[in-house]
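*Asks:* Have a look at the structure that comes next, please.
The values are calculated or read from the model by the stated rules, or taken from the named source; none is laboratory data. Values in this document were obtained by computation on a predicted structure and should not be read as measured data. Every residue, glycine as well, gets a Cβ built from its backbone with ideal geometry; the counts of neighbours run over all protein chains shown. We work out accessible area using only protein heavy atoms, side chains counted, and drop any ligands, DNA or RNA first. Shrake-Rupley method; radii C 1.70, N 1.55, O 1.52, S 1.80 Å.
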Amino acid sequence: MIKKQNLRINVLAAAVLSLTGVGLAQAADLKVSAPLSGPKTQQVEGIIVKYRAGSAAAADTNAKLAVVNAAVSRAALGGTNAAARSAALRPQVARKLGIGADLIRLQGSIASAELDKVLAELKADPTVEYAVPDAIMYPIDAASTARLEAAPKADASPTFVPNDPNYQSHNWHFHNPVGGVNAPAAWDVSQGEGIVVAVIDTGILPEHPDFAAGTLLEGYDFISQASRSRRPADGRVPGALDYGDWMPTANACYQGSPVRDSSWHGTHVSGTIAEATNNGLLASGLAYKAKVLPVRVLGYCGGTLSDITDAITWASGGTVAGIPANQNPAEIINMSLGGSGSCDPAYQAAITGAINRGTVVVVAAGNDAMNVANARPANCDGVVSVGATGITGAIAYYSNFGTRIDLSGPGGGVTDGNPNGYVWQALSSNKTSPPAAGSTTGYTIGGLAGTSMAAPHVAAVAALVQSALIAANRDPLTPADMRTLLKDTARPFPVSIPSATPIGTGIVDAKAALDKALEEPCTENCGPVAKPLTNKVAIGGLSGAAGSSALYSFEATAGKQLSVITYGGTGNVSVYLAKGREPSATDSDARSTRPGTSETVRVTAATAGTYYIKVVGESAYSGVSILATQ
């Protein structure tokens, strides 16, 4: 018998159809106004301090504490009772982080205004390079209420149809021609073999039956506190078993935090990347021959910045004191997590370190329908920041937006209900703890929605590309080149994205990314490198700094008028056009240099061939669209 149940999955609610053994979780209506990505005010469990090289505090624990205690004293917390207030905090050096900073634990509670004073004093100290709060981060999912839906209609058969029973009906995000990522055509070229994708998240259900043997590496649990990890003791341990992140009481984690069941978030994200495909069981994965390195940082009431930065360092092959070297450094990291605020120096140091080691870092943009400039780590330099769309290709109502977003992926939440309102991957039907070791029950797939679900589509496409390049005896792309490739090959949004809420260059396209990456280098009669425009299909979300330029191309037919327009957004651009060559301000066949973003260039009777269009930022611009019509 099917029963309707409310299962709060992180801050996403879903209704689970509990079946014996391997089952199918049915998902829910998305129309709610609950908090989407955790608390609106920052939660803090300590301070991360980077002492300047060569200072006494850089090498001596007592000196480290002296700097912190002096800052607390100067902050004059508690007014006339400042000494007693300072003594109550009892700062302690917890450990050295992989980024070279120290974690300072405060034993007493501290109000936000008091913390700001202490941080200001630390930043003013010449021995301190930076000081930031050890803030709490949460998984990123959208909210919903439960509703069972009628059986869905299947999409038209793609070229390659895996025999997984729910692929056609539920994995629209792989094969739907409008909202999907063009996976079937990509699978003819690459399946991600030989690539390691680290999933920094809630951990993994290692015995879920829809992961092929050898897909899930052992990983590591970086949650350092037993109260958060639900393990018996403090400390970090090998393996990344998801012990569950259920909240048994309301307001336990922050004001407004709900009673909810375990999300199994990391398992779902890992399923999008590498769930077994064509094995006749449940659903499919996008880079299904890649390996997943699960790294656990999120547990009960989220996870700390200090644990997350160490996880980023270790996953990418860096050194973290007290942790064995990672034998399987990741080519790609997926982080479907975050919190409010600008990118802080600790996050940036960990991410820059990973990028310098050659790791592509993919981050969910966040689910608060706000500018990503206030959502970290999606606003950190060098990351691939991912917004969310649904089956219609429209922006998801919850998706963060802004010029820092690079491209989007399927996240669900544009249409309601089962299955097209959700992304469907591996989960457990257990409400709290994971299935017992050796159990054959409690495993399922389920539908979630959020930029958490969009990001692993992009991470998986990156895995397909790197695998294909290595198989072709070509060098894999650098993180910067991969970011450019993903943006340049994204499929234009099939519906207009409001200029006030840009979410990147388009929807990630697995086959287009592979085709571009595997192109043979041009050796003769080579034209400029440009992004092609399709007749009567706009590309939105364009942005650039003052003085920047972007080059586009259009294949024209003879005798018809060619028109190219830019419109929408903010800022000031100029547009230059030339036949067969890259145009400039001093060499063009047509130009438009009006103030603002509304520009039009025309060729009355085009000749057959390639026209190049350059968009130049006369000042910084964002949210602009370009459209070629013939």
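*Asks:* Which of the residues that make up the stretch 278-301 are within 17 Å of L216 (Cα to Cα), open to solvent by 10 Å² or more (accessible area, probe 1.4 Å) and touching a helix residue (DSSP H, G or I) at 6+ places or on another chain (Cβ under 8 Å)?
*Replies:* Result: Y288, K289, K291.
*Asks:* Having 1 or more residues that are of a type in the set (F, W, Y) is the bar; report the strands (runs of 3 or more DSSP E) wholly within the stretch 500-581 that clear it. Don't jump to the end; show me each part of the working.
*Replies:* Working: elements: 539-544, 549-556, 562-567, 573-579.
Where strands (runs of 3 or more DSSP E) fall fully within the stretch 500-581 and carry at least 1 residues being of a type in the set (F, W, Y), they are 549-556, 562-567, 573-579.
*Asks:* Considering only the stretch 431-444, state which residues are within 20 Å of P165 (Cα to Cα), open to solvent by less than 40 Å² (accessible area, probe 1.4 Å) and touching a residue at least 24 places away in the same chain (Cβ under 8 Å). Let's see the steps before the verdict.
*Replies:* The first filter runs over the stretch 431-444 and keeps only residues within 20 Å of P165 (Cα to Cα), leaving 440-444.
Still in the running and open to solvent by less than 40 Å² (accessible area, probe 1.4 Å): 442-444.
Listed by number, the residues that qualify are Y443, T444.
*Asks:* If you don't mind, there's one more thing I want to ask. When the stretch 302-338 is examined, which residues are found to be open to solvent by 10 Å² or more (accessible area, probe 1.4 Å) and in contact with a Phe, Trp or Tyr (Cβ under 8 Å, 6 or more places away or on another chain)?
*Replies:* W314, I323, N326
*Asks:* For N473, indicate whether it is free of Cβ contacts under 8 Å to residues at least 60 places away in the same chain and open to solvent by 10 Å² or more (accessible area, probe 1.4 Å). Don't jump to the end; show me each part of the working.
*Replies:* Values: free of Cβ contacts under 8 Å to residues at least 60 places away in the same chain: yes; open to solvent by 10 Å² or more (accessible area, probe 1.4 Å): yes.
Here the answer is yes, as N473 does meet what is asked.
*Asks:* Another question, if that's okay. Of the residues that sit in the stretch 476-494 and are of a type in the set (S, T, Y) and part of a loop (DSSP other than H, G, I, E, B), which one is surrounded by the most Cβ atoms within 10 Å (Cβ to Cβ)? Before the answer, list the steps.
*Replies:* Narrowing the stretch 476-494 to residues of a type in the set (S, T, Y): 478, 484, 489.
Add one more test, that the residue is part of a loop (DSSP other than H, G, I, E, B), and what stays is 478, 489.
Working: T478: 12, T489: 23.
If we take residues in the stretch 476-494 being of a type in the set (S, T, Y) and part of a loop (DSSP other than H, G, I, E, B), then T489 is surrounded by the most Cβ atoms within 10 Å (Cβ to Cβ).
*Asks:* Let me ask another. V465: over 15 Å from the mean Cα position of the chain (by Cα) and open to solvent by 10 Å² or more (accessible area, probe 1.4 Å), yes or no? Steps first, please.
*Replies:* Numbers: over 15 Å from the mean Cα position of the chain (by Cα): yes; open to solvent by 10 Å² or more (accessible area, probe 1.4 Å): no.
Criteria not met by V465.
*Asks:* Scan the stretch 220-253 for residues that are open to solvent by less than 10 Å² (accessible area, probe 1.4 Å) and small (G, A, S) and jot them down. Before you say what the answer is, go through the steps one by one.
*Replies:* Of the residues in the stretch 220-253, the ones open to solvent by less than 10 Å² (accessible area, probe 1.4 Å) are 221-223, 229, 240, 242, 244-245, 247.
Within the stretch 220-253, S229, A240, G244 meet the criteria.
*Asks:* Examine the stretch 190-203 for a residue that is among the hydrophobic types (A, V, I, L, M, F, W, C), part of a strand (DSSP E or B), open to solvent by 30 Å² or more (accessible area, probe 1.4 Å) and under 18 Å from S336 (Cα atoms), and state whether such a residue exists.
*Replies:* For the stretch 190-203, residues among the hydrophobic types (A, V, I, L, M, F, W, C), part of a strand (DSSP E or B), open to solvent by 30 Å² or more (accessible area, probe 1.4 Å) and under 18 Å from S336 (Cα atoms): absent.
*Asks:* When you scan the stretch 221-319 for helices (runs of 4 or more DSSP H) that lie fully inside it, which ones turn up with 3 or more residues that are touching a Gly at 6+ places or on another chain (Cβ under 7 Å) and within 15 Å of D201 (Cα to Cα)? Before the answer, list the steps.
*Replies:* On the way: elements: 226-229, 265-274, 305-315.
Where helices (runs of 4 or more DSSP H) fall fully within the stretch 221-319 and carry at least 3 residues being touching a Gly at 6+ places or on another chain (Cβ under 7 Å) and within 15 Å of D201 (Cα to Cα), they are 265-274, 305-315.
*Asks:* Out of the residues in the stretch 241-292 that are acidic (D, E) and closer than 18 Å to Y138 by Cα, which is farthest from the chain's Cα centre (by Cα)?
*Replies:* Just the residues of the stretch 241-292 that are acidic (D, E), to begin with: 242, 245, 261, 275.
Still in the running and closer than 18 Å to Y138 by Cα: 242, 245, 261.
On the way: D242: 20, D245: 20, D261: 23 Å.
Per the stated criteria, the residue is D261.
*Asks:* Go through the stretch 85-106 and give me each residue that's out of contact with any Ser or Thr (no Cβ under 7 Å at 6 or more places or on another chain), under 30 Å from A315 (Cβ atoms) and outside any strand (DSSP E or B).
*Replies:* P91, G100, A101, L106
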